[in-house]
Amino acid sequence: MNSGLADRVRESSVPGLLLRAVPTVLTILSVVFAARDHNEHRLPYPVIVALGVIVVISNVSLYGQRYGEPLGRAGYGLLVFGIAGSVLWYALPASPMIIAPFWVSRSAVRYYKPTPLAWVIVGVGILGASVPLYVTTRSGPGAIGAAFGVVALTLAAVNRRSREQRLEELEVSLARKQAAIEEHERAAALAERARIARDVHDVLAHSLAGLSLSLQGARLMLVRDGASAEAVEQVTRAQGLAAEGLAEARRAVAALREDAVPDVRALGDLVTAYRLESGATAEFDVEGTPRELSADVMSTLYRTVQEALANTRKHAPGAPVEVRLSYGDVVSLSVEDRPGKRPDRAAPGGYGLVGMRERADLVGGSLEAGPTSTGWRVELKVKA
């Protein structure tokens, strides 16, 4: 799990969305009640309305930002939010807009990777909490207390974020350790299969081959010496059994030597490996009712995911990836990376894409690959 993933998941939940709407709701209520209490505010009402609109727009503009990423354009929204919200609190001292400087200071370091702009926002929050309070009350201790309150809330947010990062790093470490253990076990299993295959080939297969040849020689000798038909038939039957046993032994050796056909779990393992290697968000979803697919189709699905992730590592390193496998009348596999922008040069494709299309053709499927508004998408469809 990459840093900030827990925040993004939490933000997409209903409680997270409701929590983000709190400043907007409080601002609207403050502006509405200010229209009724004309003696309770220090600035003209049109100015208050304008400040309220700025605060609401700044807060709503944050909805499209991805938590856990460096503080970019979202920082300017928070900065405007903090300044306008602090001035609005000064204009409406009896309103709940005191939350504005506390809100932006906490958000700047809690949900985003801290940047210099984040600490500027924290400074604005400290001033926004203390200066209006001092101007309205002339209370130095009160203003200092408000400033310390912002600092304490900011430090608590930094501490919580650091703790979550350590937990996520621990999860990644444990996942890597588990993957290493599974890979070691798989390597040991493959080595054991290879040993058994060698033993079957060197001992059983050779013995059956020698037995088959000896029985063939015995049958020819019996025929030459004029032995009874029953004796010749028995030797012939024994030779047939030896030949069938040899064929079965060879098939067993081939099965032991051959790698297992990939399954849906193998596709998930590819996505997990990408997530662990890159530290980026990587999701694997299965839709519909899973059913057994032929070995050729599963191999094609596996190779498509493998090649698409390799292209992502090369052309969009660290980009979030979503892999979706859908079962229906047509089995559909899509691999989409989202670095956040359309590729600068959308080339028609190299040998990797050509190979994926050739594999799709061999199983009667079709493959489409091309840029999207936020990255690159590969989609394979197979009738299976």
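The values are calculated or read from the model by the stated rules, or taken from the named source; none is laboratory data. Bear in mind that the values here come from a model prediction, so they are computed numbers and not experimental data. Positions of Cβ are generated from backbone atoms using ideal geometry, with glycine treated the same way; all protein chains shown enter the neighbour counts. We work out accessible area using only protein heavy atoms, side chains counted, and drop any ligands, DNA or RNA first. Shrake-Rupley method; radii C 1.70, N 1.55, O 1.52, S 1.80 Å.
At-a-glance table
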read-out: Criterion violated by GLU287 - all others in (1) open to solvent by 40 Å² or more (accessible area, probe 1.4 Å); (2) out of contact with any Ser or Thr (no Cβ under 7 Å at 6 or more places or on another chain) satisfied; value: (2)
read-out: Residues satisfying the stated conditions in the range 167-195, i.e. among the polar types (S, T, N, Q) and open to solvent by 80 Å² or more (accessible area, probe 1.4 Å); value: GLN178
read-out: Checklist (1) open to solvent by 50 Å² or more (accessible area, probe 1.4 Å); (2) closer than 15 Å to ARG324 by Cα; (3) at pLDDT 85 or above applied to ALA282, failing item; value: (1)
read-out: Close pairs (7 angstrom Cβ cut-off, 6 or more residues apart or separate chains): within 30 Å of ARG106 (Cβ to Cβ) in the range 161-187, among the small types (Gly, Ala, Ser) and exposed (fewer than 11 other Cβ atoms within 10 Å of the Cβ) anywhere; value: none
read-out: Selection within the range 287-319 - under 26 Å from ARG342 (Cα atoms), among the β-branched types (Val, Ile, Thr) and touching a residue at least 40 places away in the same chain (Cβ under 8 Å); value: THR304, THR312
read-out: Pairs with Cβ under 7 Å, 6+ apart, first in the range 350-375 and among the hydrophobic types (A, V, I, L, M, F, W, C), second open to solvent by 20 Å² or more (accessible area, probe 1.4 Å) and in a loop (DSSP other than H, G, I, E, B); value: ALA369/GLY349
read-out: Out of ALA156, ALA180, sole residue that is out of contact with any Asp or Glu (no Cβ under 8 Å at 6 or more places or on another chain) and within 24 Å of LEU79 (Cα to Cα); value: ALA156
read-out: Residue that is farthest from LYS381 (Cα to Cα) [pool: residues in the range 307-333 that are surrounded by fewer than 19 Cβ atoms within 10 Å (Cβ to Cβ) and polar (S, T, N, Q)]; value: SER326
read-out: Some residue of the range 89-111 being surrounded by fewer than 17 Cβ atoms within 10 Å (Cβ to Cβ), touching a residue at least 12 places away in the same chain (Cβ under 8 Å) and in contact with an Asp or Glu (Cβ under 6 Å, 6 or more places away or on another chain); value: yes
read-out: Breaking point among (1) farther than 27 Å from ALA21 by Cβ; (2) touching a helix residue (DSSP H, G or I) at 6+ places or on another chain (Cβ under 6 Å); (3) of a type outside the set (A, V, I, L, M, F, W, C), for GLY145; value: (2)
read-out: Identity of the residue in the range 269-301, part of a loop (DSSP other than H, G, I, E, B) and polar (S, T, N, Q), that ends up farthest from HIS315 (Cα to Cα); value: THR289
read-out: Search result, residues across the range 156-206 that are small (Gly, Ala, Ser) and touching a helix residue (DSSP H, G or I) at 6+ places or on another chain (Cβ under 9 Å); value: ALA156, ALA157, ALA175, ALA179, ALA194, ALA197, ALA205
read-out: Boolean, THR372 is crowded, with 19+ Cβ neighbours inside 10 Å and either under 23 Å from SER278 (Cα atoms) or of a type in the set (A, V, I, L, M) (or both); value: no
